[in-house]
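Heads up, the thing below is written out as structure tokens.
The values are calculated or read from the model by the stated rules, or taken from the named source; none is laboratory data. All values derive from a computational prediction rather than experimental measurement. Cβ sites come from the backbone with ideal geometry, for glycine too, and all protein chains shown count toward neighbours.
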Amino acid sequence: MFLKNVLFGFLILAITLPAYAQNTVELKKQLVLGQKKLNVMENMSLSESDAAAFWPIYDEFQEEIFELDQQRYQILTQYTQNYKTLTDEQADRILDSMFEIKDQRQSVLKRVSLSLEEVLPAKIVFRYLQIENNMATLEAYSLIEKIPLLE
């Protein structure tokens, strides 16, 4: 009977741990997106009508930007784990990937800008892109200390 209970407990853990891990990832994602949205909200000072036009478009594109940022973090994590033994071929792949992600991110921001320009004055769109760029710059700056230079 004891063995059955132990096996049943392990079975429950085996079933629930992947779901827990997935929930943890989703929770972290929502936390990051929520903090970013709060920063944008604090710096935009939108009127009620501008906010009604802005936030649906903002929300629509944030998922895409987040996924690209996650891809970049994965590449940087792999780099930091292997930078001492990195081959030219691996470095070339990393360069290609990083430029591709940067291009895709800029493309998303361009689409955000075009969508926002359809419903908001250009100055508001410009301000949002300044804020988005400032946050990305601060994030990149914070990574400088964590990413070793290639040897």
Cβ-Cβ under 6 Å pairs, at least 6 apart or on other chains, region 31-45 side over 13 Å from Ala136 (Cα atoms) and among the hydroxyl-bearing types (Ser, Thr, Tyr), far side exposed (fewer than 15 other Cβ atoms within 10 Å of the Cβ) and at pLDDT below 95: none
Residues being in contact (Cβ under 8 Å) with a residue 12 or more places away in the chain, loosely packed, with under 10 Cβ neighbours inside 10 Å and not charged (D, E, K, R) - total across region 84-101: 0
Selection within region 116-145 - surrounded by 17 or more Cβ atoms within 10 Å (Cβ to Cβ) and of a type in the set (S, T, N, Q): none
Any chance Ser97 is more than 15 Å from the chain's Cα centre (by Cα), hydroxyl-bearing (Ser, Thr, Tyr) and over 16 Å from Met44 (Cβ atoms): yes
Scope region 124-151; condition of a type in the set (A, V, I, L, M), under 20 Å from the mean Cα position of the chain (by Cα) and part of a helix (DSSP H, G or I); matching residues: Leu129, Ile131, Met135, Ala136, Leu138, Ala140, Leu143, Ile144
Residue match in region 38-55 (condition: modelled with pLDDT of 95 or more, among the β-branched types (Val, Ile, Thr) and either within 19 Å of the chain's Cα centre (by Cα) or under 30 Å from Ile124 (Cβ atoms) (or both)): no
One residue from Tyr73, Tyr83, Tyr79 being assigned to a helix (DSSP H, G or I), over 25 Å from Ser115 (Cα atoms), in contact with a Leu (Cβ under 6 Å, 6 or more places away or on another chain) and not charged (D, E, K, R): Tyr83
